[in-house]
Amino acid sequence: MDERAWSAVDSYVTDLLVPQDEALVAALEASREAGLPAIQVSPPQGRLLYLLAKLVGASSILEFGTLGGYSTIWLARAMPDGGGRVITLEADPDHAAVARENLDRAGLAAAVDLRVGPALDLLPDLEAEGAGPFDLTFIDADKVHSPEYFAWALDRSRRGSLIVSDNVVRDGGLLDPDHEDPAVRAQRTLHEMIAAEPRVEATTIQTVGVKGYDGFNVALVG
Ligand code: SAH
Ligand code: DHB
Ligand code: MG
């Protein structure tokens, strides 16, 4: 089995189980045309975010790392019609501009509150506004600060909230405490923090697919 098979299986699953529509396809197309890195969640992963958000009945969602808004569209669509809000945080104004257009085209402008800046700089405003509690948080920005994002989101969760952290395995880099990339080392910090955290039950699932070998953590707040 090689990466070609992983991608082919992702395509097979996507064709059968992951309904694509104009807005999702257009979002990917516009992101590519604008030169954004193609690091958005895969279609099956986007579908999983959507299913998880539905499972928890999410109407208040927080996302770290918008990129072109592809994952944001999946998350926003899981909420009750007109009755929910995704707050999504993006450091790069160019990415945010593409996301805004993609969200407008998807008819989700009113459901999504897109804020531009490094997430850690945006959190005090959210705090002051009394944002939360969040039913679901998706952590997918710079991976160095994932532990800080997790801690912040956990304090603004309720019993039954989910916190999903993307890219925690990184080609098995999770095993290497001396990994050269601090973003990979931060995933060990995140795991140690979660292990010591009495408020959550969690697991990490390794993934292969069109995005290679990686994984995500799901933490349920109890
Ligand atoms: N969630 C998106 C992919 C996000 S890629 C999807 O699946 O469709 C990671 C994004 O995080 C990039 O757009 C990057 O610009 C942004 N980012 C990087 N550092 C950040 C920071 N400190 N705060 C907020 N966003 C950041
Ligand atoms: C990469 C993948 C991601 O899902 C992400 O959020 C950031 C980077 C990558 O493959 O480089
Ligand atoms: Mg990611």
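Only one residue in LEU36, LEU52 is surrounded by fewer than 24 Cβ atoms within 10 Å (Cβ to Cβ), within 14 Å of the chain's Cα centre (by Cα), at pLDDT 95 or above and under 26 Å from VAL144 (Cβ atoms). Which one?
Within the list LEU36, LEU52, the selection yields LEU52.
Which one of the conditions (1) away from ligand 1 (no atom under 12 Å from the Cβ); (2) part of a helix (DSSP H, G or I) does GLY83 fail to meet, given that it meets all the rest?
It fails just one condition, (2).
Determine which single condition SER31 fails, assuming it passes every other condition in (1) surrounded by 12 or more Cβ atoms within 10 Å (Cβ to Cβ); (2) within 16 Å of the chain's Cα centre (by Cα); (3) within 15 Å of ligand 3 (Cβ to nearest atom).
(2)
For region 49-64, give me each residue that is in a helix (DSSP H, G or I) and in contact with a Lys or Arg (Cβ under 9 Å, 6 or more places away or on another chain).
Step one: of region 49-64, the residues in a helix (DSSP H, G or I) are 49-55.
TYR50, ALA53, listed by residue number.
Give the number of residues within region 56-76 that are among the charged types (D, E, K, R) and surrounded by fewer than 22 Cβ atoms within 10 Å (Cβ to Cβ). Can you show your working first?
Pass one, region 56-76, residues among the charged types (D, E, K, R): 63.
If we keep only those that are surrounded by fewer than 22 Cβ atoms within 10 Å (Cβ to Cβ) as well, we get none.
Looking only at that region, the number is 0.
Residue by residue through region 110-157, note down the ones that are closer than 24 Å to VAL169 by Cα and among the hydroxyl-bearing types (Ser, Thr, Tyr).
THR137, SER146, TYR149
Quick one: which helices (runs of 4 or more DSSP H) sit completely within region 87-197 and have at least 2 residues that are within 16 Å of ligand 2 (Cβ to nearest atom) and either open to solvent by 20 Å² or more (accessible area, probe 1.4 Å) or closer than 23 Å to LEU67 by Cα (or both)? Before the answer, list the steps.
Values: elements: 93-105, 119-129, 146-155, 182-195.
Where helices (runs of 4 or more DSSP H) fall fully within region 87-197 and carry at least 2 residues being within 16 Å of ligand 2 (Cβ to nearest atom) and either open to solvent by 20 Å² or more (accessible area, probe 1.4 Å) or closer than 23 Å to LEU67 by Cα (or both), they are 93-105, 146-155, 182-195.
Of all residues in region 131-177, which are without any contact (Cβ under 8 Å) to a residue 24 or more places away in the chain and either within 13 Å of ligand 1 (Cβ to nearest atom) or in contact with a helix residue (DSSP H, G or I) (Cβ under 8 Å, 6 or more places away or on another chain) (or both)?
Our first condition is that a residue be without any contact (Cβ under 8 Å) to a residue 24 or more places away in the chain; within region 131-177, this holds for 155, 173, 175-177.
Residues satisfying the conditions are GLY173, ASP176, PRO177.
Would you check which residues across region 9-25 are part of a helix (DSSP H, G or I) and surrounded by 13 or more Cβ atoms within 10 Å (Cβ to Cβ) and list them?
Taking region 9-25 as the starting set, the residues that turn out to be part of a helix (DSSP H, G or I) are 9-17, 22-25.
Scanning region 9-25 gives VAL9, ASP10, SER11, VAL13, THR14, ALA23, LEU24.
Return yes when LEU67 is within 9 Å of ligand 1 (Cβ to nearest atom), part of a loop (DSSP other than H, G, I, E, B) and over 16 Å from ILE163 (Cβ atoms) and no when it is not. Spell out the reasoning first.
Numbers: within 9 Å of ligand 1 (Cβ to nearest atom): yes; part of a loop (DSSP other than H, G, I, E, B): yes; over 16 Å from ILE163 (Cβ atoms): yes.
So LEU67 fits the description; yes.
Answer yes or no: is there a residue in region 204-222 that is within 19 Å of the chain's Cα centre (by Cα) and in a loop (DSSP other than H, G, I, E, B). Steps first, please.
First, pick out the residues of region 204-222 that are within 19 Å of the chain's Cα centre (by Cα): 204-221.
Applying the additional criterion that residues be in a loop (DSSP other than H, G, I, E, B) yields 210-211.
Yes, region 204-222 has at least one match.
Those residues that are of a type in the set (A, V, I, L, M, F, W, C) and within 16 Å of ligand 3 (Cβ to nearest atom), I need them from region 163-203; list them, please.
Within region 163-203, the first condition is being of a type in the set (A, V, I, L, M, F, W, C), and the residues that meet it are 163-164, 168-169, 174-175, 183-184, 186, 190, 193-196, 200, 202.
Result: ILE163, VAL164, VAL168, VAL169, LEU174, ALA183, VAL184, ALA186, LEU190.
I need every pair where a residue in region 204-221 that is away from ligand 3 (no atom under 14 Å from the Cβ) has its Cβ under 7 Å from the Cβ of a residue that is charged (D, E, K, R), sequence separation at least 6 or different chains.
Here the result reads LEU220/GLU201; VAL221/ARG158; VAL221/ARG159; VAL221/ARG199, each pair linking region 204-221 to a residue that is charged (D, E, K, R).
The values are calculated or read from the model by the stated rules, or taken from the named source; none is laboratory data. Quick caveat: nothing in here was measured; it's all calculated off a predicted structure. Neighbour counts are summed over all protein chains in view; Cβ atoms, including those assigned to glycine, are modelled from backbone coordinates with ideal geometry. Side chains are part of the model used for accessible areas, which takes the heavy atoms of the whole protein and leaves out ligands, DNA and RNA. Shrake-Rupley method; radii C 1.70, N 1.55, O 1.52, S 1.80 Å.
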